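Bear in mind that the values in this text are calculations on the coordinates, not laboratory data. All values reported here derive from a predicted model rather than from experimental measurement. Quick reminder, even Gly has a Cβ in these numbers, built from the backbone with ideal geometry, and neighbours come from all protein chains shown.
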């Protein structure tokens with residue numbers, strides 16, 4: 001496996017691709033103006049958003065490799081490992097927006113950056129843009145580029161951060177559109193998600209491992225936890241955690257009908273270390289304690 005290079009600053013990234021640093025905390029890279037490059041892997045201490053205009057080979061992201069097609073936006077948060085894989089030097093196409101966390105520290109965007117959950121999506125969950133959407137994204141990048149080429153003054157940071165926030169809000173809208181247009185695929189994922197939960201509870205894994213986690217379900221579906229959560233929220237209005245809890249209640253009700261087992265035994269079977277935690281959760285969701293539910297049903 002190739003050595004992983006740690007890139008902590010915007011200047012380090014700019015030096016890697018051979019462009020001038022206009023601002024120490026943010027850069028827009030036009031890959032048409034960079035030198036051809038081969039395979040590399042880097043761990044960024046930066047936020048990075050890549051817009052590719054042509055197919056450019058495979059991108060490695062974490063331990064996986066993905067076909068990186070034209071017209072896609074890929075979002076990378078600080079600490080993630082990524083790279084472009086190719087056997088020969090080749091000229092890139094498209095753009096990248098790179099910015100340091102310090103740029104948004106203390107701003108509204110900095111406080112809300114975790115709301116942009118697509119920074120934790122896998123590369124195979126990239127945002128695929130229409131021609132019109134790509135034009136809007138390009139306009140946002142050009143506005144930021146204008147500010148970078150303008151002499152830095154007291155308004156620079158506010159304007160730059162505002163343009164980044166606008167850029168990310170458009171991406172939220174475009175991801176919502178993508179969830180809608182991928183509805184048939186999403187329905188299949190929902191059905192598979194339900195099946196994973198059914199099999200987990202039926203297998204008795206709760207005794208050893210407790211309740212299924214969102215990450216466990218996402219990995220079974222080859223999705224990132226955030227993408228699964230956002231997909232479920234868009235399709236059903238409920239979070240992944242809420243779905244897991246609803247499935248737990250459904251299974252618990254079925255088992256409570258079996259009077260050969262005590263409520264404590266059922267609680268342990270469902271992964272609860274303390275039966276009172278199960279009782280509290282069940283009552284919160286049904287309005288009845290497990291014992292009351294058993295008596296009334």
Rounded tilt (10° steps) of 275-286 against the dominant C-alpha axis of the chain: 80
Semi-axis lengths, Å, the range 177-252, gyration tensor of Cα atoms, sqrt of 5 times eigenvalues: 22, 12, 11
For the range 132-220, convex hull volume per residue from C-alpha positions, Å³: 131
Folded to 0 to 90 degrees: helix 156-181 orientation relative to the chain principal axis, Cα: 50
Percentage relative contact order, the chain, counting C-alpha pairs under 8 Å, at least six apart: 14
Reciprocal of mean inverse Cα separation for the range 140-297 (Kirkwood radius, Å): 18.9
Helix axis angle, 240-256 relative to the chain longest principal axis, alpha carbon, degrees: 10
Over the chain: helical MRE at 222 nm, DSSP H runs n ≥ 4 each giving -39500 (n - 2.57), nearest 500: -15500 deg cm²/dmol
Gyration tensor (alpha-carbon) shape descriptor, the range 243-297, a/c threshold 1.5: rounded
Highest average packing first - 117-129, 250-262, 226-238, Cβ atoms within 10 Å: 117-129, 226-238, 250-262
Calculated P(r) tail over 33 Å for the chain, as whole % of Cα pairs: 38
